[in-house]
Amino acid sequence: MKQQIVISGFGGQGVVFLTKLVTEAALLKNLSVFASETHGMAQRGGNVVSYIKIYDPLSNTHKFWSPLIRPGNADLLISLHPEAIPPYLHLLKEGGIIICNESTVKGNSPNYTKENIIFFNANTPALRLGNHRMANVVLLGFAASRGYLFCSLEDLISVAKGSENPGLIEALGAGVQ
Amino acid sequence: MKELTSNETSTLFMLGNEAIVRAALESGVRFVSAYPGTPSSEIIDRMYEIRRETGVRVEYAANEKVSMETAAAVAMCGVRSLCSMKHVGLNVAADAFMTLAYVGVKGGMVIVTADDPSLHSSQNEQDNRFYAKMALVPMLEPATPHEAYEMVKEAFEISEKYGTPSIVRTTTRINHARGVVKVGEYRKIEGEIKGVFDKDPFRYVVVPMVGRRLRVELLERLRKLEEVSEKSSFQIIRGKGTLGIITSGVSYLYVEDAVRDLGILEKVKILKLGMTFPIPRKLLQDFLSEVESVLVVEELEPYLEEAIRIVAQESKWAGKIAGKEYIPRAFELNVPLVRAAISRFWGISYKPRYEAISPSVLPRELPQRPPNLCPGCPHRATYHEIKRIFGSEALYPTDIGCYTLGLLPPLSMADFLICMGSSVSTAGGFSVAQDRPVIAFVGDSTFIHAGIPALINSVFHDHSFLLVILDNSTTAMTGHQPHPGASMTREGLCEPKVRIEEIVRACGAKAVEIINPIQVKRSCETISSLRDSMEKNPGVYVLISRSPCPLLERRIVKKARRIVFRVNETCDGCVRCLGELACPAFYKEGDRVQINPLMCIGCSVCAQICKSIKPVKLH
């Protein structure tokens, strides 16, 4: 087991929060993990990105050393907005998957036709739960339930159970289609 | 967050900055002071959050110089202290730092300086390793959160044993990396934070005759620290090859990946320096004697490279040394850059699937996403109002904070900036040397940090400008830290300890006006009358534009949104609202302007500018 994940979005969308959920799920499964985040100025609506590297310390594959993901090496790009895909597209390996939240703002989203991009409207289920800010967690629930993550939806729910935010479990579940 | 204060030895997953917090707690730190700054802010923020549990006294300082001096006095009483700052913070604290190295400390004192290669959130990238070399202060440079943890503990030990402050120099990739940290036991220290200050004025009062003696002692201490560096367990040698690589910090991790990509793991010998001041010269000599050539892999300046060239010259080592002609000097490194450098230096062929790119230079066709003032941000209203009265012709020195984003079009309300507080002093200079009216912008926290002496200076010298203090009652950009003039903290509303208007009046400003920028018409009238006064009677005028940061206000007051605004059918598509306000909640659909109801916070500024924008009640 080895997975390199990029999570991208804009300031305030919850990239860092998703990163914590994903890394905790990895630890729960006794996997080795490390992550690197880029934020700061970005919290005012600019790009925020995190790089997560997960591997099984018991397997024979090489461990990861460096914090950033090399171009052409990411297995998965989880993007919280269509415009947050292009700056990180070059990191994706051939056959890598992009899971992207559909934008609530119409008009200026880039068009994609590639087969490995999966759009999912996480906003509507989040709004239904009464908090549009939960769209990030809904999208993660979707990715896990479709089998794109190193861990299962149940693993993420176990992490959510340990948190102080009761809405997380519902939000993860709302991503199951 | 409970993990940070857990008692037992365990394996935790933490942010580099949290690892620094944990190490300081285990080392018995009792006092922490800092002015926030990315990427160091989480150190003081976490310390602040757990201050009651830990009994550590945590102070958000007015600026970095103040934080260092306060922490130094605490350490002088034999109580362990820590101060953290971003790289440019050490510039502010440099005056204290240089002579504190002479005087030394009694209890352990650690200074964390967080460099920001690639300028993710800074005005420059500077290599603070040179500060250690300039002040002759020991320095440790971690590569991972776990190393940051170990090195902070070691830094406290070295500091106390040798009576000197220690530096732990991080970069963004350590501060904001999350990794596994094996922590040790932590026991809360009970009781008051009290040590003893032993009077010794001929040691602690640095007049020339004392300084001369301390200078000699400093050099004696340096010799002892050189021995520490030679024997430090943080100087790690890996591999048995003849191709030598010398590196430090996060660059080491890039090297490890790069040599594997290139398949030359058996051919290289890597020296990873963890203690990078003083330089371990004997260790370097020995390393050089075992390899044929050396590539120095380090971010930013050729700090190690220069030291290694000196050691090579001293030991008459004749192999080839390469550094900055292969490794970029600007911006962060990454594996592809390091791999390309190694491949080029030793002629090792490697066909990458992708070319090495510097992350700071994105291909031109990709959309850039600049940061922006939030929907409902009062700074946007202030900029709109000032521009309406003074126009684009006026000269607008600005300062460091969220409001620096006023630089971007269509607001375009920033003309000059170099550092914290520079808005005020440069406004004075501009008013002397050119004829445009000068209007300077500074945030509340930044004004307190470095604006006050500049304001006094301008009053003293009869400069002529309007200083606009954008008072949102918090240090917003770095994560809503409190400051002496703030009326709200993450824990709730409070009375400001220091009133900015009183400071400004005491400094001698000709007139001080306070507006709430959300009230557009009234604010414009005040600004307009200030302009008239300035024309009649030039001098230093101050406008305090006061309205709380809505991000923080919503979080602490927990007030639900009652209204949002929408554009009705009478919109003629003039897009004046887009051009003048640039609120991120606005978007254009066909000929009509729309407002995203999820983003609008109901501030009402737009509705005061355009009659087609009307409130909608939320249920």
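State whether one or more residues within the stretch B:187-196 are within 30 Å of B:Leu417 (Cα to Cα), open to solvent by 50 Å² or more (accessible area, probe 1.4 Å) and of a type in the set (A, V, I, L, M, F, W, C). It would help to see each step written out before you state the result.
If we filter the stretch B:187-196 for residues that are within 30 Å of B:Leu417 (Cα to Cα), which is where we start, we get none.
Among the residues of the stretch B:187-196, not one is within 30 Å of B:Leu417 (Cα to Cα), open to solvent by 50 Å² or more (accessible area, probe 1.4 Å) and of a type in the set (A, V, I, L, M, F, W, C), which makes the answer no.
Do we have B:Arg212 as part of a helix (DSSP H, G or I) and within 14 Å of chain A (Cβ to nearest Cβ) here?
Working: part of a helix (DSSP H, G or I): yes; within 14 Å of chain A (Cβ to nearest Cβ): no.
Criteria not met by B:Arg212.
Across the stretch B:402-422, which residue is nearest to B:Asn472 (Cα to Cα) among those that are open to solvent by 10 Å² or more (accessible area, probe 1.4 Å) and either small (Gly, Ala, Ser) or outside the structural domain of B:Ser464 (by TED's automatic domain parsing) (or both)?
Among residues in the stretch B:402-422 that are open to solvent by 10 Å² or more (accessible area, probe 1.4 Å) and either small (Gly, Ala, Ser) or outside the structural domain of B:Ser464 (by TED's automatic domain parsing) (or both), the one nearest to B:Asn472 (Cα to Cα) is B:Ala414.
Looking only at the stretch A:1-36, how many residues end up being touching a Ser or Thr at 6+ places or on another chain (Cβ under 8 Å) and modelled with pLDDT under 90?
Total satisfying the criteria: 2.
Which residue is nearest to A:Thr38 (Cα to Cα), if the candidates are limited to the stretch A:65-78 and must be within 12 Å of chain B (Cβ to nearest Cβ) and in contact (Cβ under 8 Å) with a residue 60 or more places away in the chain?
As a first pass, look at the stretch A:65-78 and keep what is within 12 Å of chain B (Cβ to nearest Cβ): A:65-74.
Adding the requirement that they be in contact (Cβ under 8 Å) with a residue 60 or more places away in the chain leaves A:69, A:73-74.
On the way: A:Ile69: 13, A:Asn73: 18, A:Ala74: 17 Å.
It comes out as A:Ile69.
Being farther than 26 Å from B:Met420 by Cβ and in contact with a Gly (Cβ under 9 Å, 6 or more places away or on another chain) is the filter; apply it to the stretch B:30-60 and report the residue that is surrounded by the fewest Cβ atoms within 10 Å (Cβ to Cβ).
That would be B:Gly55.
Go through (1) touching an Asp or Glu at 6+ places or on another chain (Cβ under 8 Å); (2) closer than 23 Å to B:Leu253 by Cα one by one and return the number of the condition B:His120 breaks.
(1)
Somewhere in the stretch B:504-512, is a residue modelled with pLDDT under 95, touching a strand residue (DSSP E or B) at 6+ places or on another chain (Cβ under 8 Å), of a type in the set (Val, Ile, Thr) and part of a helix (DSSP H, G or I)?
Taking the stretch B:504-512 and keeping what is modelled with pLDDT under 95, we get none.
No, there is no match, as no residue in the stretch B:504-512 is modelled with pLDDT under 95, touching a strand residue (DSSP E or B) at 6+ places or on another chain (Cβ under 8 Å), of a type in the set (Val, Ile, Thr) and part of a helix (DSSP H, G or I).
Without any contact (Cβ under 8 Å) to a residue 60 or more places away in the chain, of a type outside the set (Phe, Trp, Tyr), buried (at least 16 other Cβ atoms within 10 Å of the Cβ) and within 16 Å of B:His379 (Cβ to Cβ): is that true of B:Cys610 in this structure? Let's see the steps before the verdict.
Working: without any contact (Cβ under 8 Å) to a residue 60 or more places away in the chain: yes; of a type outside the set (Phe, Trp, Tyr): yes; buried (at least 16 other Cβ atoms within 10 Å of the Cβ): yes; within 16 Å of B:His379 (Cβ to Cβ): no.
No; evaluated as a whole, the condition is false for this residue.
Check B:Pro496, B:Pro482, B:Pro538, B:Pro517 and return the single one that is without any contact (Cβ under 8 Å) to a residue 24 or more places away in the chain and touching a Ser or Thr at 6+ places or on another chain (Cβ under 9 Å). Walk me through how you get there before you give the answer.
Values: B:Pro482 fails: without any contact (Cβ under 8 Å) to a residue 24 or more places away in the chain; B:Pro538 fails: without any contact (Cβ under 8 Å) to a residue 24 or more places away in the chain; B:Pro517 fails: without any contact (Cβ under 8 Å) to a residue 24 or more places away in the chain.
Only one candidate qualifies: B:Pro496.
May I ask you to list the residues in the stretch B:152-193 that are assigned to a helix (DSSP H, G or I), away from chain A (no Cβ under 14 Å), of a type in the set (A, V, I, L, M, F, W, C) and in contact with a helix residue (DSSP H, G or I) (Cβ under 8 Å, 6 or more places away or on another chain)?
Initial filter on the stretch B:152-193 (assigned to a helix (DSSP H, G or I)): B:152-162, B:172-175.
With the extra rule that they be away from chain A (no Cβ under 14 Å), the set shrinks to B:152-162.
Still in the running and of a type in the set (A, V, I, L, M, F, W, C): B:152, B:155-156, B:158.
B:Val152, B:Phe156, B:Ile158 - these are the residues of the stretch B:152-193 that are assigned to a helix (DSSP H, G or I), away from chain A (no Cβ under 14 Å), of a type in the set (A, V, I, L, M, F, W, C) and in contact with a helix residue (DSSP H, G or I) (Cβ under 8 Å, 6 or more places away or on another chain).
Conditions tested, residue by residue: (1) crowded, with 20+ Cβ neighbours inside 10 Å; (2) at pLDDT 95 or above; (3) in contact with a Gly (Cβ under 8 Å, 6 or more places away or on another chain); (4) closer than 20 Å to B:Ile237 by Cβ.
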| residue | (1), (2), (3), (4) |
| --- | --- |
| B:Val268 | yes, yes, yes, yes |
| B:Lys282 | no, yes, no, yes |
| B:Leu295 | yes, yes, yes, yes |
| B:Ala307 | yes, yes, no, yes |
| B:Lys351 | no, no, no, no |
| B:Pro371 | yes, no, yes, no |
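Taking the stretch B:425-441, which residues are buried (at least 17 other Cβ atoms within 10 Å of the Cβ) and under 17 Å from B:Ile386 (Cα atoms)?
B:Ala427, B:Pro437, B:Val438, B:Ile439, B:Ala440, B:Phe441
Out of the stretch B:452-468, which residues are within 21 Å of B:Ile527 (Cβ to Cβ) and of a type in the set (Val, Ile, Thr)? Write out each step before concluding.
Pass one, the stretch B:452-468, residues within 21 Å of B:Ile527 (Cβ to Cβ): B:455, B:458-459, B:463-468.
Of everything in the stretch B:452-468, those that are within 21 Å of B:Ile527 (Cβ to Cβ) and of a type in the set (Val, Ile, Thr) turn out to be B:Val459, B:Val468.
Listed here are the residues, each with its yes/no results for (1) without any contact (Cβ under 8 Å) to a residue 24 or more places away in the chain; (2) among the hydrophobic types (A, V, I, L, M, F, W, C); (3) assigned to a helix (DSSP H, G or I).
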site: B:Val296; (1), (2), (3): no, yes, no
site: B:Glu306; (1), (2), (3): yes, no, yes
site: B:Arg309; (1), (2), (3): yes, no, yes
site: B:Ile342; (1), (2), (3): no, yes, yes
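Test A:Arg146 against the criterion of being farther than 22 Å from A:Val33 by Cβ and not polar (S, T, N, Q), and give yes or no. Walk me through how you get there before you give the answer.
Numbers: farther than 22 Å from A:Val33 by Cβ: no; not polar (S, T, N, Q): yes.
Spelling it out, it is not the case that A:Arg146 is farther than 22 Å from A:Val33 by Cβ and not polar (S, T, N, Q).
It is to be established whether one or more residues within the stretch B:246-255 are aromatic (Phe, Trp, Tyr), within 14 Å of chain A (Cβ to nearest Cβ) and not in a loop (DSSP other than H, G, I, E, B).
So the first thing to find is which residues in the stretch B:246-255 are aromatic (Phe, Trp, Tyr), and the list is B:252, B:254.
Next cut, within 14 Å of chain A (Cβ to nearest Cβ) only: B:252, B:254.
Right, trim to not in a loop (DSSP other than H, G, I, E, B) and you get B:252, B:254.
Looking for residues that are aromatic (Phe, Trp, Tyr), within 14 Å of chain A (Cβ to nearest Cβ) and not in a loop (DSSP other than H, G, I, E, B), one finds at least one in the stretch B:246-255, hence yes.
Take the residues in the stretch B:11-27 that are more than 11 Å from B:Pro145 (Cβ to Cβ) and among the polar types (S, T, N, Q), then tell me which one is least open to solvent (accessible area, probe 1.4 Å).
B:Ser27
The values are calculated or read from the model by the stated rules, or taken from the named source; none is laboratory data. The shown structure was predicted, so the numbers you read here are calculated from the model rather than taken from an experiment. Because the Cβ atoms are built from the backbone with ideal geometry, glycine has one as well, and the counts that use them run over all protein chains shown. These area figures cover heavy atoms from the full protein model, side chains too; ligands, DNA and RNA do not enter into them. Shrake-Rupley method; radii C 1.70, N 1.55, O 1.52, S 1.80 Å.
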